[in-house]
Structures are given as C-alpha cells and as structure tokens.
Amino acid sequence: MLRATFKSLMSRKARLFLSAIAIILGVMFIAGSLVLRSSFGASIESMFTTAFESVDVQVTSAKTNETTQQPEAIPESVLAQLAGVKGVEGTPKGLVTDGAGVVQVVDKNGKVAPGFGAPTIAANWVGADDPIEMREGSGPVSDDQVALSANLAEANGLKVGDKFTVISLLDSSGKQTFTVSGVFGFTGGRDTLGGEKTMYFTTPVAQRLVLDKTGVFTSIDVKAAPGTTDEQLRDNVKAALGGDYKVQTGEELAKSVSDQFGTVLDAFNYVLIAFGSIAVLVSIFLIINTFSIIVAQRTRELALFRAMGAARGQVLGSVLLEALFIGVIAGVFGLGLGILAGWGGTAVLGNLFGGQLTAELSVPVGAVIASLVIGIGVTILAALFPAIRASRIPPIAALRDAANAIRPVWPFAVAGGLFLVPGAALVIWQLSIKEATLGVFATGIGLLFIGAILATPLIARPFVSLIGRLMSWSIPGKLGRLNSGRNPRRTSITAVALMIGVTLITAIGVLAASVQASFDKFLETSLKADVLIAGTAPSQVPPTFDEKILGEAKQVQGVDKVAGVWFDGAAKLNGKDVFVQATDDLPAMTYMLGQKMHEGSGSLGSGTDLVVNQAVAKEYGLSLGGSATITFSGDPAPRTFTVSGIIASGDSDDPAIYVSSADAQYFPLKSPVQAFIAFGDGADKKAVTDKLNDLLADNPLVTVADVSAIGDQMKSIIDIMLTVIQVLLLLAMFIAVIGVINTLTLSVLERTRELGMLRAVGFSRSQVSGMVTVESVVISLFGALLGIGVGVGLGVLGQRALKNDFVTELALPWGTIAGYLIAAIVIGVLAALIPAYRANRLNVLKAISYE
Amino acid sequence: MASTTMADAGIAARAAGVWKVYGTGEAQVVALRDVSVDMARGRFTAIMGPSGSGKSTLMHCMAGLDTVDRGEVFIGDLRVTGMSDRQLTQMRRDNIGFIFQQFNLLPTLTAEENITLPLSIAGRKPDRAWFDQVIDTVGLRDRLTHKPTELSGGQQQRVACARALVSRPEVIFADEPTGNLDSRSGAEVLNFLRESVDRFGQTIVMVTHDANAASYADRVLFLADGQVVDELMDPTAEQVLDELKRLEEIVAAKQAQRAEGA
C-alpha cells in the first residue's frame, strides 16, 4: 500500500506541485513574518547595544511627563548625590536628550519640513566619547554653537562655520540660530547609528530647548569604578536614590529601548501574520479541490485496492499519506523561502533606517514549528474529507465505468445555515442596541462570512449559468458555460478561494469610502471654516504659534471669523481624565464647527465658565448652572467652573469640553495650537490665505491649510491604506488564481475523451481554448461577484454599526468594484492560458482511442 | 484494385500507396504497407482483420486523424495529405462524420444538442426537414431533451449515429460502433447504418472485428500485416468468418516463418 501510494504520488507530480505551491506560499508568508520580526528585532537590539556600550549605569526618572510622554526631568542635585555612591568612578554625567521631537530643524525656507522615518535628536554635548568620533571641528564650546552628526550635516548641506536654525516646541522664544562648530560620525566610520540625525548643544542650551527649564537632565550616566560590576553599581545607585528613579545597566537599557521598538514590530507582525493566515485559508480550499478531483479520478484504482482486500482504513491512510508528504515538503520549502524572505525584508527595512542597520538573521523556533504545523496540519485537514470519501468507494466501483457522480449540495445549505442564522441574529441584535460591542459584532460578521462561504455551492449552479449566459453566444462559450456548471461543488470551492480576498478588500473599500464620504459631508455641511492654522508635521508635542497671530488674523481684509484653540490632553474633570480645549471665541468656534447650543449661553464670559456638549453633560451628570472641578495638567491646583452652556450632541458620543482662553495659562502649552478661520462673502481666498501665511513668517511650525485640502489629505491616507491592504491580499489572490488553474487543468485531464471527440468532429484549436477560457472566466467572475456581494453586505453592516461614530454616510466604491470585475475577467483569461494550451495540444487520436 | 468496378458510382474516399510506420530501429512497426483502397460513394464498406492488422490505423489515416508517412489520402476531391491542422479540422467538421465505440457524447448537452453539435461548431443551422428525417430513422423523437446519462447504451449510440449523419458528410467513419453494445442494440444500430446507405445514399466506412456486423456491409476489406489481402462483396457472416479464419492461419504461418528466419 505504501509503495502504491508513493507511485500514485509520483505519477501526479504536476498537479500536486500546484497545490504544494499554494501552501508553500502561505507558509512562506507566515514564516517570513516571524523571521522578519525576530531578525529585525535582533538588528535593532545590536544597534542599541552599540549605542549604549559605553554606558555602565543610567538613571532616569520613574515618572512620565504628560505632555511629552517622556520620563520627567531629573534635578541637578541628584548628580552630587550620585557622586558619593559606593563604586562610582569620577563625576556622573548629566544628559539631556530629546526623545519626543521637541526640537525641530528649520530649513532654508524658514519652515519645519515634515519628517518621516528615523528621528532627529537634540542632546547636550558631554565630549567625543565612544561611540562618537569627531570628523571635523569640535564639539559646541559656547552657547551659540552646535555639533551635527554627519548625516544631518549632509542632509542640510552644512559645513563647519555655517548657520543652523532650530525651533523648540516647548521653548516659546521662537527660531534660534547656531553656528556649526563640528561634524561627527560614529565608530566604524558610520554616519549614524541607526539612521537617526543628531545635534549637540552645550548643556544649558540643550536644557532650555528640550526641557524649557534650567538645571535639569533627562538622564544621568554613571561609570563603575574598577572592581565594581555594572550590576553592583546599579544596585548601589538604586539603594541611594529610592523608588522615584529607574536605574538600568547599559545592557538593560539597550534591551528596554529595543523592546519599545518591539511593540511596534509586534503590531506590524500581527498584521502580516493575519494576511498570511488568509493566504493559508485560501490554500485550504485549493487543496480540498485538488484532492477531491484526484480521488474522483482514482475511483477505479482505489476500488480495485478495495476489491483486492485493502481495508477502508488503508485507503484513507493512503490518501492522507499523500497529504502528509505534500505537507512536509510544503512546510520545509515554505520555511526555507520564508527565512530568505524574512532576511531580505530585514535588509530592506534596515535601508529605511538610513542603511546603517546591519541585517542580522535570526530564525525563531516558533517559525520552524509554525511552518511545519501549518504546512502539514493544513494539508492533512484539507485532505481529510476527500480521504473519507475515498475510503467509502465500494469495491464494485472498480467494475463500473465510474461516472463522477455529482454530489448533492444540500449539506452545504445546512452547514451554511448553521453559521448564517446565528451570525445574522448577532448582527441584528448589535445593530438594534445603542451600545454595540465590537467583539460581538465582529463575531457576527465572521459567522456571516463563514456561512456565506459554506452556502456558496447552493447558488453556484443558477448563478454560474446566469453569468455563463453572457458568454453563450458561441458554441465554445456555451460548452464552457455548461462545463463550469457541471460540478457545482468544484466550481464553488475554486470560486470561494477567490471570493475571500475580494470580500475582504470590498468590505474594507466600502467602509473606507463611507468614512471618506462622511468626512467630506462633514467638511461641506458642518465645517464652515475656510482655512485652518495648524502644525505641518505630526509630533508628540503639538506645534504651537504666537497668540498675537489670532488678533492679527482678524485684521486681515476678507477674514470674517477667527477662533484660536488651546489643548490640554491630560486634564481631569471631577477626577477623570479628559481632553479640554480652550478658545478665545466660542461662538465663532461653534459656528465654524457646525455645532448648535442645546441650552444656555454660547459664549465663555469669564475664566470660570465651562461649556460642554450633551454627551459630556450626561456622562458627568452636569447641568446648566451646575459646577464642576477641573485640574489642568500645567498647574496642580483644582479649579471650580460653572456650566454656562451645553452644546447639542446629536447622535455623536464624542466629548467636547471648552473653557476660556484665559484658562490656557494653566495648560502645559500656553500658546494656541490651532485656529479656525472663516472668510467673508466674496473674499479672494488665495489672496487672504497668502496674507495669513505672511503673518506666520516667524512661526515655522505651523502653516495655513485649506480646509478642502484636509479632505484630500484624508483621501490620500485612505488610499495608501487601501493600497497596502490590496498588496498584502495579492498573495491570497495569487493562490486563488493557482486554484483556478489547478481546477481547470484537472478538468481538462478528466475530459480528455470529450475534448478528443470535439476535435474529431471539427472543433478547432482556438475553439477549444475559447471553451476553457470561458469556463475560467465564469469561475473567476463568479468568485469576484460573490466576493463583491458579500463584501458590500459586510461593509454596509459595518457602516451601520459605526453610524453613531462619525461614519454617517454610506458610499460604495463603484469605480473600484468595476475594477475588480475587470480584474476578474483578466485573471480568468490568464488562468486559462496553461490549461487551454494543454487542451488544444491534445493528441486527438490518443484521446479517443481505447486499449 | 477492386475500385475499378466502382468507378461509375464515384469515389468518396481514397488511399493511394499509403505507408504508416511507428517507432524506429528495433521497435519499428509497419502498420500500413503500401495500402491503396477506394471507398465507393453511397456504399457501406467494412474493414476487418486480426488485431494489429492496421485496420484502425487505416481508418485514422483516411479520416485525417493521423498522418501518413508515404502515399496520399483523399476525401472526395480534397487531398487530405499535407493539410494543416486548421484545414484538417475544417475537413473533419464539414466532410466527415464519426461514430466511436464509446459513443463519446457530451454529458452536458441534451440528445438534440449533441446531434446538432457539428453544425453548431460550424455555425450552421440544421436543415429542419433533414434533421426530422434522421431523428425518425433512429427513432429518438421522444428522447431529444434527455441528457446522455438518461439514455441506454443503444440510444446513446443512435444519438452518435444521428450526429454523424446530420451534417451529411462525404464519409462516415465508424470505429467498432457495436463494440460496447448488447446484440439487440447492436443490430438496431447496424440496421440504421444500412438504412442510411440505402435510403440516403450515405457513404460509410466501418472498422469492426465482428463478422455479424460486417455482414451488414456491401463490401468487406480484409487487412493483414498492414496490407489489404482480400475483399468480399455482399458478404454473409459465415463467409466473413471463414475468410477471417483463413487469414489468421496465414498470419500465424508468416509469424512462425519470421520467428525461424530471426
């Protein structure tokens, strides 16, 4: 039996190869993701190990600053305290490092360029220690000097003696210009450690720019005296400073910093693995189909085994053994290719980091286990049903000319119903209640999706015959159509593989289009502002501008209304964390945001007035005239406010809390971060915008943005997201296309005799190709239409669920949907190429003759 | 050869000095050696011979399914030898009908659709009167909407016969048409073939190893060892059997000779 299995396997190398490729691709994707995660993590860790090599022990604050999300500053007095600790060599070094992008480089146009990729870091100069190597000039000696890393100098075209301008988001003194005193690199001739750009100032300057304070540091480096290990020193320092400080050895530091990158990498990794799993799911369908067809074709042979006395279990085992063999091969090859892909991916990502990150290869045990488990498990699982069917072939089948019986489709209706009914119930229930739970809703959607997949064979025959009718104008078209409807199960399983990817991308497309449409509608009907003053680049600390700009803007000819906005993202209202905004003109603000007053006054008369919307009033039990206590994060004293007005919330749950700009003095950022500006009727938009931009000449961090441009920006972000998802789904699509090729190839083999007859009675080669192509196109169109149908359905449900969370409008991406249909036809035609070639190269004589 | 006596009736298919060799060197098999035959128009010709005599090869070569190594093949006025695949396909579509041992119907099409398939392929409409005549002759009127799986073997073969006949080809080639049928169904099919020759003047060439089937023909050609060795006109089954027995003895003797020579 074992030998028979092996022989049968070898005789069908080509078809099994195609199914193996599908699993190999899926396994490769998942293994590649894991290897990438591990290798990239190792590369980053090695980079930080280099960076912290010279650090014995470092001290940072255990508390976090609410504005910058960085550790709090350490007072200078700690330096002296550390100097007396046992095992400390020399004087500890106080360091100032900007971890939040507070200090930004101003370019030649006087603006801050939006930065991508590795950060630009400002720090205090403590000498050209390892790993720093001076290339030209020297470190900053006086407060008007700065030393730049080689890559930063190069990016800005600067040499020693040139002028260099920065601006600090925290320090309100605006642009500040320095003279470049030196350019440095790092050990090993590197321009940067990991792509980051570095600028060193004297300690007082760094303290002012980074922390907006004097006499404080972000961290302190302590050297161990000879005979003291880093660990001993760490424990000594810990004991001396107490629990307010975090004390780490250089090694621990490298690990903890790279672990921070790790969480980002993990998120990225989960996304990749999710898409890899989709690919694996799709390949399951492919394998089910391949094995079903092979079993159907081997009916006689298997029945012969049974007639000769093979037990059912042996037949079952023989099919499963084949699956195991393919699974092992797929797992091993998938792992091998995955390791290569992961390594390549690490090198590519390393390049994004300035080409300085050495790609290290690390293959986690998990990747090896996952590859084999997925490769073998998936294949065996998928082959199980065909194998059971094979074991049920009666010995008598050996004596019959086995017409491949068309199997009933009703079990699929039952199975589909088992998922569809509870899925629909969950979704309807979640839509009917106000506070829908995402998890429950998603479960419902998932059940509907699985149900739709299972129920597909049920609609295959009518649906396929309908699509086919479009192509039955010629006899090859008609035959192709009839062939595709011949085995509804086979056709549906092939189509479902294609449907999965199309469903996902369509559902996401519908949601994205709806978000876009809702946003556009909001901009059109609610947002009455014409332009917005806001930061050019996203950063941890929002960029601010000079308050006097607000008054100047009002004076500009053509400007009707101006409302400045201040943010406090970490205030507490009656003890709970809230986001508070202050404005200098609430009526203008509410008008421009399209908000209506529910009750009370629409203006903030005094510094103790508070205006909230209904959502907040309800949550905190506030009513008009009532009082509330707010503690701002820029000042520890709690302040009492009187609710002077309540804004109508409509259907939205989004909170809104406004105080007067007089209270902005208690905010961590005392300058406005945004301003909404509405133009008067008939104002020349361009001229007014230009004038406003002139006002901002000394405020490089912000710019005047056209509100309609925000819609465009949103669109480009959504487009990028959709493109990324489409690219990631390409693999699943590719596997589905292999599935179509596989099904067609096997069908052509199965119908050799028919094809021979057709050729004998005068069917030309091009007619044979036409017939196979029509069958292929019908299958792919069926898959695409199913996917679009189910995807639109799920997308609409998703939009309904998010109706109260801003996604108020439903929009269908018709252009994209049409694109998918055209793509499906193209895929159908391409997938038919090889099977059609094989079909029309058929030797007529061999095909029809017996013996 | 015998063709001269049939010249006045016209020639539907002709093989002239045809050679067909398979394989090379030691494994070389000469399937046809210098075969020249004419198939008279409006006649029913049977080709017989022991296994390996080349009877199927001859039919395949004449029908344009296989190429010849030497010599020429004609269907009506068309020179088949040297045709491109495209021309061959068109020739098979327009000038030849086939009946196979295994019926070879398309399971997806109804009986009627199967019958009109060659016309559909050519993009022609069936001549309704002719179609009706054919259907009534094969007696399939009440089975036209059935799929092949719903028909008995005999009915399926009658559908195949109607398919071959409906395009009024120059020649119908039938390859063991009764090989898969019980004797009653076989007789039905043979009667139908006979009738189509007598009533419609159809030319039929049939390969068979069944002496009884051959007795329905006007003429039986006997092949042995790749050569036409004999023929019978208006044969009976007994005559055919006797002739076959004689041929088998000759072949056996020749093989024994060869074995000695080798």
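How many nm is it between the label spots at B:ALA252 and A:LYS715, if each spot is 7 Å from the Cα in line with the beta carbon?
Taking the two extended label points, one gets 9.2 nm.
For chain A, what is the relative contact order in percent, using Cα pairs closer than 8 Å and at least 6 residues apart in sequence?
Details: 1663 pairs, mean separation 137.0, N = 851.
Averaging sequence separation for qualifying contacts and normalising by length gives 16 percent for chain A.
What average count of beta carbons from other chains do you get within 10 Å of the Cβ of residues in B:97-109?
Details: counts 3, 5, 0, 8, 3, 6, 1, 9, 2, 7, 8, 10, 3.
That average works out to 5.
Assigning unit charges at the beta carbon (Lys, Arg +1; Asp, Glu -1) and nothing else, what dipole magnitude in debye, to the nearest 20, does chain A show about its Cα centre? Walk me through the numbers before you get to the answer.
Working: 64 positive and 68 negative charges, 1324 e Å.
With Lys and Arg at +1 and Asp and Glu at -1, about 6360 debye.
Between segment A:638-694 and segment A:753-779, what's the alpha-carbon centroid distance in Å?
Rounded to whole Å, the Cα centres lie 70 Å apart.
Can you figure out the FRET efficiency of A:GLU599 with A:LEU340, using R₀ = 56 Å and their beta-carbon distance, to the nearest 0.05? Don't skip to the end; give the middle numbers.
Details: r = 66 Å, r/R0 = 1.18.
With a Förster radius of 56 Å, E is 0.25.
Calculate the length of the line joining the C-alpha centroid of segment A:56-125 to that of segment A:131-207, in whole Å.
Centre-to-centre distance over Cα atoms comes out at 15 Å.
Gain in length, A:ILE450 to A:TRP473, computed as 0.36 nm per residue apart minus the alpha-carbon separation, to one decimal in nm?
4.7 nm
So which lysines pass the test for A:LYS554, namely a Cα distance under 19 Å, with those fewer than 8 places away in the same chain ruled out?
Straight-line reach from A:LYS554, under 19 Å: A:LYS528, A:LYS685, A:LYS686, A:LYS691.
What is the magnitude of the charge dipole of segment A:94-218 about its Cα centre, with +1 placed on the Cβ of each Lys and Arg, -1 on the Cβ of each Asp and Glu, and no other charges, expressed in debye to the nearest 20? Mind dumping the intermediate values first?
Details: 10 positive and 14 negative charges, 68 e Å.
So the dipole magnitude of segment A:94-218 works out to roughly 320 debye.
Under 17 Å Cα-Cα from B:LYS55, which lysines qualify once same-chain neighbours fewer than 8 residues away are excluded?
Excluding near neighbours in sequence, the set is A:LYS846, B:LYS20, B:LYS245.
If one puts a single equal scatterer on every Cα of segment A:546-698 and applies the Debye formula without solvent, what log₁₀ I(q)/I(0) results at q = 0.13, 0.19 Å⁻¹?
Ignoring solvent entirely, the Cα scatterers give -0.61, -1.12.
Using 7 Å Cα-to-Cβ label points, what is the A:SER277/A:SER432 separation (nm, one decimal)?
3.0 nm
Can you work out ³J(HN,Hα) from phi for every residue in segment A:136-151, in order, using Karplus 6.51 cos²θ - 1.76 cosθ + 1.60 and θ = phi - 60°, giving whole Hz and x for Gly and Pro?
Those phi angles translate into 8, x, 9, x, x, 9, 10, 5, 9, 10, 8, 10, 10, 5, 4, 6 Hz.
Starting from 0.36 nm per residue, how many nanometres of slack lie between A:ALA128 and A:GLU76 once their C-alpha separation is accounted for? Before the final figure, lay out each step's value.
Working: separation 52, 0.36 × 52 = 18.72 nm, distance 2.21 nm.
Computed gain between A:ALA128 and A:GLU76 is 16.5 nm.
Using a Förster radius of 30 Å, what is the FRET efficiency between B:ARG79 and B:LEU144 based on their Cβ-Cβ separation? Nearest 0.05, please.
On the way: r = 38 Å, r/R0 = 1.26.
Rounded to the nearest 0.05, the efficiency is 0.20.
Would you calculate the separation in nanometres between label points at A:LEU810 and A:ARG300, each defined as 7 Å from the Cα along the Cα-to-beta-carbon direction?
Result: 5.5 nm between the two label points.
Compare the Cα positions of A:LEU669, A:ALA571, A:THR456 along the charge dipole of chain A (+1 at Cβ of Lys, Arg; -1 at Cβ of Asp, Glu; about the Cα centre) and return the one farthest towards the positive end.
Selected residue: A:THR456.
Residues with amide H under 5 Å of A:LEU604's amide H, sequence separation 5 or more or different chain, H placed in the peptide plane at 1.01 Å from N; which?
A:LEU586
Step through the residues of segment A:609-626 one at a time and calculate ³J(HN,Hα) from phi using the Karplus curve (6.51 cos²θ - 1.76 cosθ + 1.60, θ = phi - 60°), rounding each to whole Hz and writing x for Gly and Pro.
Karplus-based 3J(HN,Hα) across segment A:609-626 equals 7, 9, 10, 10, 9, 4, 4, 6, 4, 5, 5, 9, x, 9, 9, 4, x, x Hz.
Can you list the residues of segment A:580-616 with backbone N under 12 Å from a point 7 Å past the Cα of A:LYS521, pointing along Cα to Cβ?
none
Skipping prolines and chain starts, which residues have an amide H placed within reach, meaning under 5 Å, of the one on A:ASP560, given they are 5 or more residues away or on another chain?
A:ALA678, A:PHE679, A:GLY680
Please state the relative contact order of segment A:546-698 as a whole percent: Cα pairs under 8 Å, 6+ residues apart? Write out the running numbers ahead of the final one.
Values: 326 pairs, mean separation 53.0, N = 153.
Worked out over segment A:546-698, it gives 35 percent.
Go through A:LYS548/A:LYS618; A:LYS715/A:LYS803; A:LYS86/A:LYS246 and tell me which ones have a Cα-Cα distance over 25 Å in this structure. Intermediate values should be presented prior to the final figure.
On the way: A:LYS548/A:LYS618 36 Å; A:LYS715/A:LYS803 20 Å; A:LYS86/A:LYS246 18 Å.
The answer is A:LYS548/A:LYS618.
If eta is 0.890 mPa s and T is 25 °C, what Stokes-Einstein diffusion coefficient results for chain A, Kirkwood Rh from Cα pairs, in µm²/s? Before the final figure, lay out the partial values.
Working: Rh = 32.1 Å.
The diffusion coefficient I find is 76 µm²/s.
Do the sum for chain B: with -39,500 (n - 2.57) for every DSSP H run of n ≥ 4, divided by all residues, what is the mean residue ellipticity at 222 nm, to the nearest 500 deg cm²/dmol?
Details: 9 runs with 102 residues, N = 262.
Rounded to the nearest 500, the figure is -12000 deg cm²/dmol.
Calculate the FRET efficiency for A:ILE388 and A:ALA413 from the Cβ-Cβ distance with a Förster distance of 22 Å, rounded to the nearest 0.05.
Details: r = 20 Å, r/R0 = 0.92.
The calculated FRET efficiency here is 0.65.
Counting only the backbone N, which residues of segment A:571-602 are under 20 Å from the spot 7 Å out from the Cα of A:SER623 toward its beta-carbon?
Correct set: A:574, A:597-602.
If amide hydrogens are placed 1.01 Å from N in the peptide plane, which non-local residues have theirs closer than 5 Å to the one on A:GLN145?
Those lying under 5 Å, H to H, from A:GLN145 are A:THR179, A:THR202.
Between their Cα atoms, which of A:LYS175/A:LYS521; A:LYS255/A:LYS670; A:LYS63/A:LYS197 are more than 30 Å away from each other? Intermediate results must be reported in sequence, preceding the final value.
Numbers: A:LYS175/A:LYS521 39 Å; A:LYS255/A:LYS670 36 Å; A:LYS63/A:LYS197 27 Å.
From A:LYS175/A:LYS521; A:LYS255/A:LYS670; A:LYS63/A:LYS197, over 30 Å: A:LYS175/A:LYS521; A:LYS255/A:LYS670.
A:LYS175 to A:SER256: extension gain in nm, 0.36 nm per residue of separation minus the Cα-Cα distance?
Working: separation 81, 0.36 × 81 = 29.16 nm, distance 3.41 nm.
Between A:LYS175 and A:SER256, full extension yields 25.7 nm more.
Between segment A:250-303 and segment A:412-432, what is the C-alpha centre distance in whole Å?
Rounded to whole Å, the Cα centres lie 27 Å apart.
Of A:THR67, A:ALA832, A:ALA225, which is farthest along the charge dipole of chain A in the positive direction, counting Lys and Arg as +1 and Asp and Glu as -1 at C-beta?
A:ALA832
Coordinate-derived values only; no laboratory data. Being a predicted model, the structure only gives us computed values, none of them experimental. We place every Cβ from the backbone using ideal geometry, glycine too, and count neighbours over all the protein chains shown.
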